[in-house]
Amino acid sequence: MQRFRIIKRQERLGWRSCFILLTAIALALLLSAVMLVMRGTPPVEGILTLFKGAFGSRWAIEDSLIKAIPIFLCSLGVATAFRLQIWNIGAEGQFALGAIGATWAALTFPELPKPVLLSMMIGAACIAGGVWGMIPAILRQRLGTNEIIVTLMMNYIAILLLEYLVYGIWKDPASYGFPMTPMFSEQAIVGKIGTSGVNSGIFHCLVLGVLFWIFFTFTRTGFELKASGDSVRAARYAGIPYNYLVVLVMVLSGALAGWAGFLEASATINRLQPSIMVGYGYTAIVVAWLARLNPLNIAITSFLLAGLRVGVESLQLDMQVPAAFGGMIEGLILMTVLASGFFVHYKMVPVRKQ
Amino acid sequence: MTLEMIIPLLAATIVAGTPILYATLGEMITEKSGVLNLGVEGIMIVGGLTAFLVAHFTGSPSLAFFAAGAAGITTASLHGIVCLVFQGNQVVSGLALTILGTGFANYFGTSYVGLSAPGFQPMAVPLLADIPAIGPIFFQHDPLVYLTYILPPCLWLFFNNTRYGLGLRAVGEFPEAAAAAGLNARGYRWLGILGGGFFMGLGGAYLSLAYTHLWTNNLTAGRGWIAVALVIFAFWRPGRAVFGAYLFGGIMALQLRLQATGTQLPSSLLLMLPYGLTVFVLVLSSLGHRRTNEPAALGVNVEPAD
């Protein structure tokens, strides 16, 4: 048998790493097709339906864009935290808090003029999400508490808090017992662009994405963040305030996820109800890991994974495939891409027989 | 509260704590070898589904129990492939495994939601079950509970007094030194991952076979994550894991009891209790500054030797 030696690559791979990435994704899709076969769905037709459902019509692309908005905003924050080697698994909860904050503003001041009210909703969402992100950061910084578990537990708590509110004090008396708040007033709703179904939240993404890029390219703090991501110890020696950065990043991360929660409540469902929680915060983790810190990559990956969600919806309708299929593909893609990183960092050299 | 109320509550505590205990001990085995496996939640739910399906179709809960262990090993082996073979980041691999496992179980379990499976029936231990108070609390459960009474001391012996247990810990502390001393570092890490996965699978099996007796989507509801937290709380010691698992069992039993008695508190607030307690327990363990027992090489991959 031919034996190989594993050697760390000294040089950058360049475009070939793209090829490795695509192979990994193809493998994940192949395994997903096997999963379809195991439940008796024709695989080729299934994968085709998935892609057609995701990007095959104007309506599908619009829907993918709508879903990409919250995923993009959550990913920006999660990616920043990952860069600093902070594992923020809490985008889901921070998103929920953002939606709660925005709803509070919308229900308390429904009659304010639109620009004022929307700004207040954004402010409330960012504060609520930011505080939710700050708690695990401070616990980590002061006590060394594991932020992965704290952020995750706070997701469960946030979702239950949201349920408590919409089943209780915020429940619409006219909803026939359904757990939902009353519909927001006209002033509290982010409108759609022209005749399309896409809301102008996409402009928020554009602005925030450019700001994100400027922050990392041109500001001192942005540079410090990037630098300390590579080596925490080196950063401390260089006098970079690592502890402060950890808290800052988690607050920013929470505020961005909170902003996503605001947009989802205001623009997409126009009220608060439990169905707002569909796991965008978890998809954001996958996006952040795949796209790293480049906002353009994050945007593209968000759009693709949003498309996956839309595609799975049409698979569900047309071929009775359970909705959990989407989560399974996300997990498979993350695993295969993670494993494929091996071929980017190492090379295998055949060992010659002596 | 009277004694007649407290005894059933404590008995329910043991039952609710058992799946968490299995998973916590599983994660502890894995972490002792220096591998952080955050996929417990995913492995547990795959184990739970496997146990449910095998029991549903064969009618044999014992077979189902071992099938769940095998499913746990299989699922955990993905973590081994990604981290040990392909040098992937352990945190991300664990997260991916949780997403994948949860998706997998909900995908294949959808058609069976609400169906029931034959589970384990309570089996009183002769003599011991008749002791007042102690008997009803500890010795009138199903056999899977009794297994968790002997498991922690066995694990303690394994970690401290056996060759393989000591090797496992050495690899978790300093894999390069262990390798230099002639131990197969990667082999031990495989042992940690697969052995841990076995018990995580059993934890899932307990949920579907003895706790609920039926299949629901998202069966585990965060118990896998609680197990990860409990390993830290237990300072990587099996004995303290028992204490932690029953603490959570107690809070879950209490929450169910309060809901059943129709308290004024809304159920969403009651359901927050275990998650809030997890954060609290973690803060508590960080306050003590006794993290010295954490395997030094936890989460760090062993570079491939050339």
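The values are calculated or read from the model by the stated rules, or taken from the named source; none is laboratory data. Because the structure is a prediction, the values reported are computed rather than measured. Note that we place each Cβ from the backbone using ideal geometry, even for glycine, and neighbour counts take in every protein chain shown.
Identify, please: which residue in segment A:171-190 is small (Gly, Ala, Ser) and touching a residue at least 12 places away in the same chain (Cβ under 8 Å) and is, among those, farthest from residue A:67 (Cα to Cα)?
A:185
Does at least one position in segment A:45-57 carry a residue that is within 14 Å of another protein chain (Cβ to nearest Cβ), in contact (Cβ under 8 Å) with a residue 24 or more places away in the chain and over 16 Å from residue A:308 (Cα atoms)?
There is no residue in segment A:45-57 that is within 14 Å of another protein chain (Cβ to nearest Cβ), in contact (Cβ under 8 Å) with a residue 24 or more places away in the chain and over 16 Å from residue A:308 (Cα atoms).
Is one or more of the residues making up segment A:141-155 within 14 Å of another protein chain (Cβ to nearest Cβ), touching a helix residue (DSSP H, G or I) at 6+ places or on another chain (Cβ under 8 Å) and farther than 25 Å from residue B:223 by Cβ?
yes
Do you know which of the residues in segment A:12-27 that are of a type in the set (Gly, Ala, Ser) and exposed (fewer than 12 other Cβ atoms within 10 Å of the Cβ) is nearest to residue A:343 (Cα to Cα)?
Result: A:14.
Among the numbered conditions (1) within 14 Å of chain B (Cβ to nearest Cβ); (2) part of a loop (DSSP other than H, G, I, E, B); (3) of a type in the set (A, V, I, L, M), tell me where residue A:180 comes up short.
The number of the failed condition is (1).
Just give me the residues in segment A:80-99 being more than 13 Å from chain B (Cβ to nearest Cβ), modelled with pLDDT under 95 and assigned to a helix (DSSP H, G or I), in sequence order.
Listed by number, the residues that qualify are A:80, A:83.
Given the criterion within 14 Å of chain A (Cβ to nearest Cβ) and within 26 Å of residue B:40 (Cα to Cα), identify the matching residue among B:164, B:146, B:107, B:188.
After ruling out the rest, the residue left standing is B:107.
So in segment A:162-177, with the set limited to residues that are within 11 Å of chain B (Cβ to nearest Cβ) and in contact with a Leu (Cβ under 8 Å, 6 or more places away or on another chain), which one is surrounded by the most Cβ atoms within 10 Å (Cβ to Cβ)?
Selected residue: A:162.
Taking residue A:20 and the conditions (1) free of Cβ contacts under 8 Å to residues at least 12 places away in the same chain; (2) within 30 Å of residue A:232 (Cβ to Cβ); (3) among the aliphatic types (A, V, I, L, M), which numbered condition does it fall short on, given that it satisfies the others?
(1)
Select from segment B:162-220 the residues that are within 18 Å of residue B:15 (Cα to Cα) and without any contact (Cβ under 8 Å) to a residue 40 or more places away in the chain and list them in ascending order.
Listed by number, the list holds a single entry, B:212.
Here are some conditions: (1) surrounded by fewer than 16 Cβ atoms within 10 Å (Cβ to Cβ); (2) within 12 Å of another protein chain (Cβ to nearest Cβ); (3) at pLDDT 85 or above; (4) in a loop (DSSP other than H, G, I, E, B). Residue B:298 meets all but one. Which one does it not meet?
Answer for residue B:298: the failing condition is (1).
For segment A:105-148: of the residues being assigned to a helix (DSSP H, G or I) and touching a Lys or Arg at 6+ places or on another chain (Cβ under 9 Å), which is surrounded by the fewest Cβ atoms within 10 Å (Cβ to Cβ)?
A:147
Going residue by residue through segment B:86-98, is there one that turns out to be facing chain A (nearest Cβ under 9 Å), part of a loop (DSSP other than H, G, I, E, B), over 18 Å from residue B:212 (Cβ atoms) and under 24 Å from the mean Cα position of the chain (by Cα)?
yes
Output the residues belonging to segment A:183-205 that are surrounded by 14 or more Cβ atoms within 10 Å (Cβ to Cβ) and either in contact with a His (Cβ under 7 Å, 6 or more places away or on another chain) or outside any loop (DSSP other than H, G, I, E, B) (or both).
Result: A:187, A:188, A:192, A:199, A:201, A:202, A:204, A:205.
Based on this model, can you work out whether residue B:129 counts as loosely packed, with under 14 Cβ neighbours inside 10 Å and either modelled with pLDDT of 90 or more or in a helix (DSSP H, G or I) (or both)?
no
Criterion first (out of contact with any helix residue (DSSP H, G or I) (no Cβ under 9 Å at 6 or more places or on another chain), more than 21 Å from residue B:32 (Cα to Cα), surrounded by fewer than 22 Cβ atoms within 10 Å (Cβ to Cβ) and among the β-branched types (Val, Ile, Thr)) does residue B:261 satisfy it?
For residue B:261, the condition - out of contact with any helix residue (DSSP H, G or I) (no Cβ under 9 Å at 6 or more places or on another chain), more than 21 Å from residue B:32 (Cα to Cα), surrounded by fewer than 22 Cβ atoms within 10 Å (Cβ to Cβ) and among the β-branched types (Val, Ile, Thr) - is met.
Out of everything in segment B:212-232 that is within 14 Å of the chain's Cα centre (by Cα) and not aliphatic (A, V, I, L, M), what residue ends up being nearest to residue A:150 (Cα to Cα)?
B:225
Here are B:210, B:253, B:229: which of them is crowded, with 22+ Cβ neighbours inside 10 Å, hydrophobic (A, V, I, L, M, F, W, C), more than 9 Å from every other protein chain (Cβ to nearest Cβ) and in a helix (DSSP H, G or I)?
On inspection, the qualifying residue turns out to be B:210.
Is there a residue being at positive phi and either within 14 Å of chain B (Cβ to nearest Cβ) or crowded, with 21+ Cβ neighbours inside 10 Å (or both) anywhere in segment A:330-337?
no
Would you mind telling me which numbered condition in (1) of a type outside the set (S, T, N, Q); (2) out of contact with any helix residue (DSSP H, G or I) (no Cβ under 7 Å at 6 or more places or on another chain); (3) at pLDDT 95 or above residue B:57 fails?
(3)
Only one residue in A:185, A:196, A:119, A:200 is away from chain B (no Cβ under 14 Å), polar (S, T, N, Q) and within 27 Å of residue A:294 (Cα to Cα), so which one is that?
Only one candidate passes the filter, namely A:200.
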